[in-house]
Every structure is written in structure tokens, then in C-alpha cells.
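Notes follow once the structure below has been shown.
The values are calculated or read from the model by the stated rules, or taken from the named source; none is laboratory data. From a predicted model like this one, the values you see are computed outputs, not experimental measurements. Note: ideal-geometry Cβ built from the backbone for every residue, glycine included; neighbour counts use all protein chains shown.
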Amino acid sequence: MRLPTLIVLLTALAGALLSACGSGSGESLLHKKTWVVGVRPDLPGLGLRRPDGTFEGFDIDVARYIARDLGRTVTFVPVLAADRLPALETKKADLVLATLSVTPERKTRIAFAGPYLTSYQDVLVRDDMRGVTGLRDLKGRRFCAVEGSDTTKRLMAVRGMTAALVPAKDYDRCMSLIRANGVDAITTNDVILAGLAKRAGGGMRLIGAQISEQNSGIGMRRGDPDGCEALNGAITRMYQDGTTAALLRKWFGGTGLDRRPIVEVPQFEGCL
């Protein structure tokens, strides 16, 4: 092989390797001053769109803290459960903070910074279901299944568990169904259920099932390890300066979740 041809091939290979690492692609979060963040519009306490179009909740405050810590600003776009990964893949959003649990399946499509919160899957029932004290008491009952959420899959994976799944677009619809006796229970992350119960103002309770541990991460596009590491640094500082504990008290005070001990920063996913 002639030397000029070899040089051309080596140059092309080096360029491809740099692109694969995401170093010079121009796609890094760190190249942007304003981040578009996908958040839930339907989860009180976590991500809720107000009548004036603005957003409030734990995830909203976390996004603002991280952006401010890293010298950025944020704008928000609504994403329901089924919209979260597509919002990143179509570049509708730069980040997603929307109770997005870290799972092996999702990691084949997107990357994760964090997690920024560890929670547990629980079950919400009506207060008048006095005979329900644990998950076994709900065997064969009707559970609301939100499109795009994988929590009912984990419910059905519990040994000996059976349930009739009733589909719903979002958790507002689930709450309408459970009030009207259209379903018997809702299962998802306890922080989501606590926010729903708090907004209901009574008549609902968590059974304390702790079906599985859930790690909520910041969804982002793959190939930005520098951006990922920067986000992880901001999350670490959020725990160290007491902000995480303060936000849990702010949004979940009185539900029991605000008393959850926060010992250390969650174990981060690797930045790829």
C-alpha cells in the first residue's frame, strides 16, 4: 500500500474514533447555554403543568438546580411516559427528568446520568379497602396500567401475582378510575403515588409494598461522557449541600417519604 493512501486511511480512522467518543461531534450538552428538558406534566409533586403553562415539582426543581450549578438555563417541554425516550431520540429534548427509571432495555437506546433519586415501587389503594394490607391481598384485582410505564411488568413478575390490567394514558386517568371503582389499585414509584395521594387530599393510601427499588436517572443522548460527568458532579453537590433533603420535605412533607433517610449519593451509572 502506498504511503499517501495509508495516511488517508489512518486519518479517516482517527476521525471516526473521535466521532464515536463524542468528543468533537458538537452534540455535547456542554456546548449549549440553554437546555430543553422533558418533564412530566401530569404528576403532582414531581412534574405538573400549572394552568398558566409553567411547571412545578421535585423533578422541575432538580433540573433548575443542576442547570444553575453548571451555569446553564433550562426550558421545559411536557413528556408523558411513552414520550420520554422518543423526545431524546428525535432531539425534542436535550435531557429528560421525568421519573425515568434506569433499566437495561432503556440503556440500549439512551444514556443516563445519575440516578438522582432512589425510590421504591409501591401500590396506592382507596382508604375504604380496609382488608388490603399487603400485595397478596390484591391478587387478581384490577390495576391501572399507564402507557409507556414498565411498573406493571415488575408487578406481574412478583411470584404468584396475578392482576387484570386496565390501560390509561396517564395518572390523572388512573386517579379518575380508582375514584370511580374502575380499578382497585395503581402501582408505580412511591414518589409518584405520594404526590397523587397528597393532591387527592385524603381517601387514598400507600400499602408499603416496596416491590422493587427504582433509580430515577437523567435521560440523555448517548455519546456525551463529558456532559454526563458534569451532570453527575451537580447531583453530588445537590446531596452534599442538603438540597435533596429540602426538596423531599417541600414536595412530599406529610406523606412519610420526607422522612426517608438520605445517607449518600446514589451509585451512578457509568458515563458512556
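Would you say Gly219 is within 15 Å of the chain's Cα centre (by Cα) and assigned by TED's automatic domain parsing to the domain that holds Asp61? Write out each step before concluding.
Working: within 15 Å of the chain's Cα centre (by Cα): yes; assigned by TED's automatic domain parsing to the domain that holds Asp61: yes.
Judged against the criteria, Gly219 is a match.
Regarding segment 85-92, can at least one residue be identified that is under 12 Å from the mean Cα position of the chain (by Cα) and within 29 Å of Pro266 (Cα to Cα)?
yes
When Met161 is evaluated against the numbered criteria (1) outside the structural domain of Glu56 (by TED's automatic domain parsing); (2) closer than 30 Å to Gly233 by Cβ, which criterion, by number, is the only one it fails?
Condition (2) is where Met161 drops out.
Can you work out which of the residues in segment 194-224 that are among the charged types (D, E, K, R) and assigned to a strand (DSSP E or B) is farthest from Leu97 (Cα to Cα)?
It comes out as Arg205.
Going by the structure shown, is Gly227 outside any helix (DSSP H, G or I) and either in contact with a helix residue (DSSP H, G or I) (Cβ under 8 Å, 6 or more places away or on another chain) or at pLDDT 90 or above (or both)?
When the stated conditions are applied, Gly227 does not pass them.
Any idea which of Ala67, Ala20, Ala81, Ala12 is at pLDDT below 95, touching a strand residue (DSSP E or B) at 6+ places or on another chain (Cβ under 6 Å) and aliphatic (A, V, I, L, M)?
Ala81
What's the total number of residues in segment 103-117 that are farther than 18 Å from Thr236 by Cα and either in a helix (DSSP H, G or I) or in contact with a Phe, Trp or Tyr (Cβ under 8 Å, 6 or more places away or on another chain) (or both)?
Adding up the residues that qualify gives 4.
Which pairs do you get when a residue that is within 21 Å of Gly47 (Cα to Cα) and assigned by TED's automatic domain parsing to the domain that holds Pro41, found in segment 177-197, comes within reach of a residue that is polar (S, T, N, Q) and part of a helix (DSSP H, G or I), reach meaning Cβ atoms under 7 angstrom, with the pair 6+ apart or on two chains?
Final answer for the pair search is none.
Test Ala82 against the criterion of being surrounded by 16 or more Cβ atoms within 10 Å (Cβ to Cβ) and either touching a residue at least 24 places away in the same chain (Cβ under 8 Å) or assigned by TED's automatic domain parsing to the domain that holds Ala246 (or both), and give yes or no.
The answer is no for Ala82.
Based on this model, can you work out whether Gly254 counts as more than 15 Å from Phe143 (Cα to Cα), touching a His at 6+ places or on another chain (Cβ under 9 Å), in the same structural domain as Gly47 (by TED's automatic domain parsing) and not in a strand (DSSP E or B)?
Details: more than 15 Å from Phe143 (Cα to Cα): yes; touching a His at 6+ places or on another chain (Cβ under 9 Å): no; in the same structural domain as Gly47 (by TED's automatic domain parsing): yes; not in a strand (DSSP E or B): yes.
Considered against the rule, which asks whether it is more than 15 Å from Phe143 (Cα to Cα), touching a His at 6+ places or on another chain (Cβ under 9 Å), in the same structural domain as Gly47 (by TED's automatic domain parsing) and not in a strand (DSSP E or B), Gly254 comes out as no.
Could you tell me which numbered condition Thr118 fails, if it satisfies all but one of (1) out of contact with any helix residue (DSSP H, G or I) (no Cβ under 9 Å at 6 or more places or on another chain); (2) more than 30 Å from Ile66 (Cβ to Cβ)?
Thr118 satisfies all of (1) out of contact with any helix residue (DSSP H, G or I) (no Cβ under 9 Å at 6 or more places or on another chain); (2) more than 30 Å from Ile66 (Cβ to Cβ) except (2).
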